[in-house]
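Okay, so here's the structure we're looking at.
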Amino acid sequence: MSGLRPPPLACDCHIHVFGPFKRYPLDPARKYAPAEALVGDYRRVAAALGTGRVVLVQPSVYGVDNSCQRDAMGELGDRARGVAVVDDSVSDAQLRELDRGGFSGARINLMRAGDLEALERVAARVQALGWHIQLHVPGSTLAEIAERLLKLPTDFVIDHLGRVDPHAGLGQPAFQALLRLVDSGRCWVKLSAPYRLDLDGEPYRKAAPFARELVRRNPGRMVWGTDWPHPDVAVAPEDRGLLEVLLDWAPDEATRNRILVDNPAKLYRFDS
């Protein structure tokens with residue numbers, strides 16, 4: 001596979017910063033224990049990849065304390081945007097402060113326990129800000145919750161290729177539900193973390209058919225990300241390989257540039 005050098009404003013739409021832990025202690029109720037992964041560490045990753053923009057996603061290990069990602073965004077400047085985690089306790093003033101700080105979405109993690117009513121309450125709160133909802137969901141639930149997602153008052157983003165079962169084929173109910181969501185024009189999908197689907201690793205042949213079909217179906221609703229520093233996995237993948245797969249998933253350069261630059265500029269309001 002030949003090297004892919006992305007356009008200058010290419011965006012890595014899914015990373016996390018962890019630490020320094022003395023300043024930003026982890027939530028005692030966290031489900032995993034990440035190593036420190038600092039802004040300086042990511043700057044080196046971005047330089048090696050050639051990406052110019054980045055989206056910091058609040059990880060579950062910080063609960064609803066978004067200060068680590070907020071301050072990291074401040075260090076990175078206008079090249080960075082964020083996705084926060086909020087709950088019913090957040091005030092309108094706090095939401096406006098997050099918005100001024102560069103956050104443009106609210107993340108809901110349904111991987112371990114699905115509270116759809118909480119999701120709907122958060123969506124109602126952030127609608128006025130023009131935010132989207134970002135969802136990390138088990139693929140097995142997509143068919144069940146699809147109609148409910150379409151009733152949200154906001155656009156929504158599905159993480160990590162929908163976490164579908166790579167062995168169940170394109171016809172599986174979960175993936176067909178994901179395609180219907182994409183067809184709606186209100187659903188975005190992150191072409192990220194294929195290693196969470198395909199345990200065989202690079203070049204992620206088991207994930208490729210799903211990614212290609214998503215790109216074919218609606219390239220204007222696809223974004224890409226590394227999921228750096230790849231928390232809660234046994235062996236971290238090579239970030240360069242996670243970029244190179246786009247040569248296979250989106251072989252047309254104009255489509256790749258749309259995924260890397262134009263789509264994230266719109267979704268995360270880089271140009272506003």
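The values are calculated or read from the model by the stated rules, or taken from the named source; none is laboratory data. All of these numbers come straight from a predicted model, not from anything done at the bench. Cβ atoms come from the backbone with ideal geometry, glycine included; neighbour counts cover every protein chain shown. For the accessible areas, the whole protein counts, side chains as well, though only heavy atoms, and no ligand, DNA or RNA atoms are used. Shrake-Rupley method; radii C 1.70, N 1.55, O 1.52, S 1.80 Å.
Going through the stretch 231-242 one residue at a time, which ones are buried (at least 19 other Cβ atoms within 10 Å of the Cβ) and either under 14 Å from Leu191 (Cα atoms) or modelled with pLDDT under 95 (or both)?
If the condition is that a residue be buried (at least 19 other Cβ atoms within 10 Å of the Cβ) and either under 14 Å from Leu191 (Cα atoms) or modelled with pLDDT under 95 (or both), then Asp239, Leu242 are the ones that fit.
Tell me which of these Trp228 doesn't satisfy, since it passes every other one: (1) buried (at least 20 other Cβ atoms within 10 Å of the Cβ); (2) over 23 Å from Leu38 (Cα atoms).
Condition (2) is where Trp228 drops out.
Looking at the structure I just gave you, is Pro209 over 18 Å from the mean Cα position of the chain (by Cα), closer than 22 Å to Val45 by Cα, of a type outside the set (Lys, Arg) and open to solvent by 40 Å² or more (accessible area, probe 1.4 Å)?
In short, no.
From the residues in the stretch 167-192 that are assigned to a helix (DSSP H, G or I) and not hydrophobic (A, V, I, L, M, F, W, C), which one is farthest from the chain's Cα centre (by Cα)?
Checking each candidate, the answer is Pro173.
If you check every pair at least six apart or on different chains, which have Cβ atoms under 8 Å apart with a residue in the stretch 252-272 that is among the basic types (Lys, Arg) first and a residue that is assigned to a loop (DSSP other than H, G, I, E, B) second?
Short answer, once both residue conditions are applied: Arg256/Leu4; Arg256/Pro6; Arg256/Ala250; Arg269/Gly130.
Here's a check for you: in the stretch 78-91, which residue that is open to solvent by 20 Å² or more (accessible area, probe 1.4 Å) and closer than 15 Å to Ser104 by Cα is farthest from the chain's Cα centre (by Cα)?
Asp78
Return the total of residues in the stretch 243-272 being open to solvent by less than 60 Å² (accessible area, probe 1.4 Å) and part of a loop (DSSP other than H, G, I, E, B).
Matching residues across the stretch 243-272 total 4.
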